[in-house]
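Below: one structure, written as structure tokens.
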């Protein structure tokens with residue numbers, strides 16, 4: 001099932017992967033993960049932003065790790081070396097047709113300082129897909145995204161399937177009970193949920209709050225009072241574990257103390273959610289729940305998410 005999800009759910013859609021600043025200059029690269037699909041984003045010698053399959057054309061070893069500055073990327077298995085445009089530069093002791101040695105090119109795009117990638121070059125333009133959320137950022141949360149800088153990245157390892165984690169974070173039906181102190185008033189009648197194809201948005205105008213789930217596994221939160229945007233990427237680690245990475249982006253005028261206070265607050269919210277995800281995993285593995293009964297309004301996010309999943313996985 002996970003292999004099917006990678007090809008049919010993760011590959012065709014945009015994913016948040018990090019900071020565009022990491023690949024702003026020629027000769028820079030950044031390795032990333034699209035739901036288990038290894039990619040590397042580069043800025044080649046000519047200054048062109050590229051996204052490449054991060055898999056050696058020789059024996060399939062993952063080529064690049066982390067991020068940095070290099071003229072070439074070398075596979076650590078047998079030394080095959082690639083330029084940052086994906087072309088094969090050297091294959092020790094072998095003669096390889098350049099067309100066969102070229103790393104497949106994928107898609108990359110940025111919204112302000114946030115970098116996204118997709119394994120399918122025919123994907124709908126990111127600007128179009130994210131337009132409803134960008135509108136909320138500006139009109140509800142008062143965010144000028146170009147002013148934002150990443151201050152911290154936090155990894156959570158959650159003992160639950162990525163879909164359970166995604167669904168937890170895309171509904172506020174549980175907010176009054178679970179987050180009554182940390183998110184007071186969330187989930188009430190002023191909390192608005194809207195669907196936009198593969199994007200679902202939430203808003204709470206009185207709190208300058210806007211949120212989006214970009215199908216399948218990217219989630220973006222904006223809290224205007226804190227001048228923060230939180231970009232969350234959910235990556236499956238097998239079928240029963242999820243790596244959830246939260247990047248905290250703040251307006252450049254927010255000082256470090258205020259940023260730390262905000263991060264501490266939101267990490268408290270996440271700490272209230274993680275045990276719920278772990279418990280749902282246990283329940284789903286029990287065999288006692290053939291199907292869940294979702295609230296048609298309060299859980300419109302999970303309903304839309306599951307409809308998109310079913311459609312993707314049912315394709316021939």
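The values are calculated or read from the model by the stated rules, or taken from the named source; none is laboratory data. Note that the structure is a prediction, hence the values are computed from the model and not measured. Cβ sites come from the backbone with ideal geometry, for glycine too, and all protein chains shown count toward neighbours.
Tabulated results
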{"item": "Residue count, segment 148-164 (criterion: farther than 24 Å from residue 251 by Cβ, crowded, with 18+ Cβ neighbours inside 10 Å and more than 15 Å from the chain's Cα centre (by Cα))", "result": "4"}
{"item": "Subset tally (residues that are out of contact with any strand residue (DSSP E or B) (no Cβ under 7 Å at 6 or more places or on another chain) and closer than 22 Å to residue 186 by Cα) for segment 225-262", "result": "3"}
{"item": "Tabulated pairs, segment 181-208, first at positive phi, second loosely packed, with under 14 Cβ neighbours inside 10 Å, C-beta under 7 angstrom, 6+ apart or interchain", "result": "208/225"}
{"item": "Hits in segment 127-146 - residues which are part of a loop (DSSP other than H, G, I, E, B) and surrounded by fewer than 16 Cβ atoms within 10 Å (Cβ to Cβ)", "result": "142, 144"}
{"item": "Among (1) closer than 15 Å to residue 105 by Cβ; (2) in contact with a strand residue (DSSP E or B) (Cβ under 8 Å, 6 or more places away or on another chain); (3) without any contact (Cβ under 8 Å) to a residue 40 or more places away in the chain, the one test that residue 66 misses", "result": "(1)"}
{"item": "Conditions (1) over 20 Å from the mean Cα position of the chain (by Cα); (2) free of Cβ contacts under 8 Å to residues at least 12 places away in the same chain; (3) under 30 Å from residue 258 (Cβ atoms): number failed by residue 144", "result": "(2)"}
{"item": "Selection from segment 268-277 of residues that are out of contact with any strand residue (DSSP E or B) (no Cβ under 7 Å at 6 or more places or on another chain) and in contact (Cβ under 8 Å) with a residue 40 or more places away in the chain", "result": "268, 269, 272, 273, 276"}
{"item": "Some residue of segment 165-187 being surrounded by fewer than 17 Cβ atoms within 10 Å (Cβ to Cβ), farther than 21 Å from residue 12 by Cβ and touching a strand residue (DSSP E or B) at 6+ places or on another chain (Cβ under 7 Å)", "result": "no"}
{"item": "Residue 297 touching a residue at least 60 places away in the same chain (Cβ under 8 Å) and loosely packed, with under 12 Cβ neighbours inside 10 Å", "result": "yes"}
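Let's see how each residue does on (1) at pLDDT 95 or above; (2) surrounded by 13 or more Cβ atoms within 10 Å (Cβ to Cβ); (3) in the same structural domain as residue 35 (by TED's automatic domain parsing):
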| position | (1), (2), (3) |
| --- | --- |
| 58 | yes, yes, yes |
| 67 | yes, yes, yes |
| 87 | yes, yes, yes |
| 98 | no, no, yes |
| 114 | yes, yes, no |
